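Novice: Please read through the structure below; I'll follow up with questions.
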Amino acid sequence: MQSTFPLRGQRTGSGRHDSQDHRNGYPAQVSGKAAAPTARQASKAAFEANKLAKWLRRGVGQAIADYNMIEDGDKVMVCLSGGKDSFGLLDVLLYLREHAPIRFDIVVVNLDQKQPGFPADVLPAYLAGLGVPFRIEEQDTYSIVKRLVPEGKTTCSLCSRLRRGVLYRVAAELGATKIALGHHRDDILETLFLNMFFGGKMKAMSPKLVTDDGRHVVIRPMAYVREHDLEAWAKVRQFPIIPCNLCGSQPNLQRAQVKRMLRDWEKRFPGRIETLFRSMANVVPSHLLDAQLHDFRNLRATGVPDPQGDIAFDVEEFSNDGVVSLPPGVL
């Protein structure tokens, strides 16, 4: 069944290329600070928080609709790590569950990896207060990572693999039809550059995929959401954020370096990040070098004009600020 996920009474774009507004991030700066002393400032803060809430919900709803992430009758397992991203994902999905035109269930899973000092009571208390079904899965992956990874080396890869195996097993035990992860727009872009810089391939994060064992569907409903907006929303909602002690002391990770690069670009060249993100939904395989995506070997002149054909000697046209020129109404 095709999912039509906009909120009741809300109209969204008809496809991936018609939803650029949510890919571009929340248009206004929202501090997320507590209400100011004066009534006027408090009213303004409440207005901005409400605007941000609507923006996040519409962005998530649009991504869900564009990629048919959640269908009627789904049981969605939300993976809650205790970070701002997964808290934001759960918060928005709980709202959409009550306002979307389809019915779906949510179950929350947290993997307690037995990190020293992990506040084991925080998430159960928070989730019980929400009244949402949840499961705390206790697996000492922390000790495994510390034992197998030499001091000073990156722990993320092994930690991720161990978590993945546990979460897939739990999803099967719970009968979950979708596994929802909290990756956002910035994560997707960072992964694209990580793979190009260090892996020699053009690969980002899929908004929706089938797991390598073929048993589960993983979704990333916040694919259009900007990290800055999640940071602001976490302050507004005052989520009980739990830091990760495994990777928090590794500031020179390749991903951290790429994150700094992208944030520097955003400061120096406003609009560049939005353009980069849009490019992932506008791929031209015939202008890359992957023969598995385009049949270069058997390409022949047909003598028949092709309105979509390439003009080989023309230079690409760009606007003066370096941003690709787009048809009116796209942004």
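Novice: Expressed as a whole number of Å, what is the distance separating the alpha-carbon centroids of the range 272-288 and the range 73-118?
Specialist: 30 Å
Novice: Further, regarding this structure: Give the dimensionless ratio obtained when the Cα radius of gyration of the range 139-198 is divided by 2.2 N^0.38 Å.
Specialist: Values: Rg = 14.5 Å, N = 60, 2.2 N^0.38 = 10.4 Å.
Compactness ratio reported: 1.39.
Novice: Of all DSSP beta bridges located in the range 64-279, what percent are antiparallel, nearest 5? Please report the intermediate quantities before stating the final value.
Specialist: On the way: 3 of 18 bridges.
The antiparallel proportion sits near 15 percent.
Novice: Assuming R0 = 30 Å, can you tell me the calculated FRET efficiency for the pair Arg161 and Gln308, based on Cβ-Cβ distance, to the nearest 0.05? All intermediate terms of the calculation are to be shown ahead of the outcome.
Specialist: Details: r = 42 Å, r/R0 = 1.41.
Between Arg161 and Gln308 the formula returns 0.10.
Novice: Run down the aspartates and glutamates and flag those whose C-alpha is under 13 Å from the C-alpha of Lys178, throwing out any fewer than 8 positions away in its chain.
Specialist: Result set, ordered by chain and number: Glu71, Asp72, Asp74, Asp105.
Novice: Give me the percent relative contact order of the range 64-279, please, defined on Cα pairs under 8 angstrom at least 6 residues apart.
Specialist: Numbers: 281 pairs, mean separation 51.6, N = 216.
Once divided by the residue count of the range 64-279, the mean separation gives 24 percent.
Novice: Take peptides 291-298, 58-65, 214-221 and line them up by average Cβ neighbours within 10 Å, highest first, as a rough protection proxy. Before the final figure, lay out the partial values.
Specialist: Numbers: 291-298: 9.2, 58-65: 25.1, 214-221: 19.1.
So the order, starting with the most tightly packed, is 58-65, 214-221, 291-298.
Novice: Go through 109-115, 44-50 and give me the packing order, highest mean Cβ count within 10 Å leading.
Specialist: Working: 109-115: 19.3, 44-50: 14.6.
Ranked from most to least packed, the peptides come out as 109-115, 44-50.
Novice: Let me spell out the model: positive unit charges on the Cβ of Lys and Arg, negative unit charges on the Cβ of Asp and Glu, origin at the Cα centre of the range 64-279. What dipole size does that give, in debye rounded to 20?
Specialist: Approximately 700 debye in magnitude.
Each value in this text was obtained by applying a stated rule to the coordinates, not by laboratory testing. All of these numbers come straight from a predicted model, not from anything done at the bench. Note that we place each Cβ from the backbone using ideal geometry, even for glycine, and neighbour counts take in every protein chain shown.
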